[in-house]
Amino acid sequence: MSDVAYKGEMLHDEPLARYTTWRVGGPARRLYRPVDSADLACFLQSIPEDEPLLWLGLGSNLLVRDGGFDGTVILTKGLLDQIELLGDLKVRAEAGVSSAKLARFMAHNNLCGAEFLAGIPGTLGGALAMNAGAFGGETWDWIEQVETIDRSGQVRTRSADDFDVGYRKVSGAEGEWFLSATLKLNSGDGEEAMNAIQKLLNKRASSQPIGLPSCGSVFRNPEGDYAARLIELTGLKGSCIGKACVSEKHANFIINTGGATAADIEQLMRMVQERVEQAHGVRLVSEVHIVGKEAA
Ligand SMILES: Cc1cc2nc3c(=O)[nH]c(=O)nc-3n(C[C@H](O)[C@H](O)[C@H](O)COP(=O)(O)OP(=O)(O)OC[C@H]3O[C@@H](n4cnc5c(N)ncnc54)[C@H](O)[C@@H]3O)c2cc1C
């Protein structure tokens, strides 16, 4: 792998616990911080075809195992971070822009509809990959087109119709990652949008353990029900394995109470799945993406 063609920073054996909101995860063999999308394309052209790649935004929906990631992590948070107003109620933002910053930018420009993004910790890239949503809104409801990049560095523009989008899942364009998106909003009143954002943030603060290391909701809501309701009904609030505990405030959150390992969290997830299935006949499905290898 040549290191002359690209301008970004390459880190070796970088602990991923620094880059995930659960604060767990072993090292990445390499972690690349691109300068911009042209530099990223250049970097991708330089890596071997079989190099495992992991895209990382804020790491707020990722459980990286304790043995780390044996490949190259591409970090976007705070790096691919351009936002621009396009006119005709449209905004273009790069994948590393935080969802909260994007929501505020839109509100300041009297563009309304996607205020829910303000409370979702993460980047636009992560929100696109997950179809992140809250309070009835979903990311892809507002997407007109995206720019993707593949592992050879080729950039494509794709319409939202190229993707099959559902509840916390997105498919289509396999082997491509999100570089940017163009959102089309409604015309509205910026002050009202900022008030709506504040209300949504207050609502979150009263129902979720904000500020403690977590990944938000761990399991998807099963059809017609809520994972949190089933976990609470099974009596699992406050259950712990090692330093990982089911939150007392919101049963679908698992908290790292200080010094938890990824293995503690994964075991607790399995325990919750088994106990809920025994009690209610419903197998909860992880919303969180689990990557990497177990510690030796
Ligand atoms: C306190 C808290 C509250 C939360 N509340 C919500 C909520 O209300 N609603 C909700 O939907 N989620 C919620 N989440 C989960 C999480 O914030 C979202 O899923 C968020 O969109 C993830 O963004 P990220 O940048 O952190 O993605 P990451 O965790 O870094 O990555 C998530 C996945 O997306 C992939 N990915 C990242 N960037 C790209 C890219 N550019 N192109 C392709 N793939 C990419 C990663 O490889 C990974 O598979 C919450 C999390 C926390 C900690």
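Some observations on this one:
- Hey, D50 part of a loop (DSSP other than H, G, I, E, B), surrounded by fewer than 24 Cβ atoms within 10 Å (Cβ to Cβ) and in contact with a helix residue (DSSP H, G or I) (Cβ under 6 Å, 6 or more places away or on another chain) or not: no
- Checking the stated criteria, A103 turns out to be hydrophobic (A, V, I, L, M, F, W, C) and either surrounded by fewer than 19 Cβ atoms within 10 Å (Cβ to Cβ) or in contact with a helix residue (DSSP H, G or I) (Cβ under 8 Å, 6 or more places away or on another chain) (or both).
- Failed item, numbered, when Y32 is tested on (1) free of Cβ contacts under 8 Å to residues at least 60 places away in the same chain; (2) open to solvent by 30 Å² or more (accessible area, probe 1.4 Å): (2)
- Where a residue in the stretch 191-204 is within 13 Å of the ligand (Cβ to nearest atom) and part of a helix (DSSP H, G or I) and its partner, wherever it lies, is open to solvent by 90 Å² or more (accessible area, probe 1.4 Å) and among the basic types (K, R), with Cβ under 8 Å and at least six apart: none
- Considered as a group, the residues in the stretch 53-77 that are β-branched (V, I, T) and in a strand (DSSP E or B) include one that is farthest from the ligand (Cβ to nearest atom), and that residue is T72.
- Of the candidates L85, L31, L11, the single residue that is under 30 Å from M194 (Cβ atoms), among the hydrophobic types (A, V, I, L, M, F, W, C) and not in a loop (DSSP other than H, G, I, E, B) is L85.
- Of the criteria (1) surrounded by fewer than 18 Cβ atoms within 10 Å (Cβ to Cβ); (2) in a loop (DSSP other than H, G, I, E, B); (3) not polar (S, T, N, Q), which one P121 fails: (1)
- Residue that is of a type in the set (A, V, I, L, M, F, W, C) and buried (at least 21 other Cβ atoms within 10 Å of the Cβ), where the choices are L62, L89, L85: L62
- K249 being part of a loop (DSSP other than H, G, I, E, B) and either away from the ligand (no atom under 16 Å from the Cβ) or aliphatic (A, V, I, L, M) (or both): no
- Of the criteria (1) under 18 Å from P121 (Cα atoms); (2) modelled with pLDDT of 95 or more, which one C240 fails: (1)
- Number of residues in the stretch 226-246 that are assigned to a loop (DSSP other than H, G, I, E, B), under 30 Å from F69 (Cα atoms) and open to solvent by 50 Å² or more (accessible area, probe 1.4 Å): the value is 2.
- When G133, G125, G137 are checked against the criterion of being in contact (Cβ under 8 Å) with a residue 60 or more places away in the chain and either of a type outside the set (D, E, K, R) or more than 9 Å from the ligand (Cβ to nearest atom) (or both), G125 stands alone in meeting it.
- The set of residues from the stretch 149-181 being surrounded by 15 or more Cβ atoms within 10 Å (Cβ to Cβ), assigned to a loop (DSSP other than H, G, I, E, B), within 13 Å of the ligand (Cβ to nearest atom) and not charged (D, E, K, R) comprises F163, A173.
The values are calculated or read from the model by the stated rules, or taken from the named source; none is laboratory data. Quick caveat: nothing in here was measured; it's all calculated off a predicted structure. Using ideal geometry, Cβ is built from the backbone for each residue, glycine included, and neighbour counts are taken over all protein chains shown. Quick note on the areas: whole protein, heavy atoms, side chains included, nothing else; ligands and nucleic acids left out. Shrake-Rupley method; radii C 1.70, N 1.55, O 1.52, S 1.80 Å.
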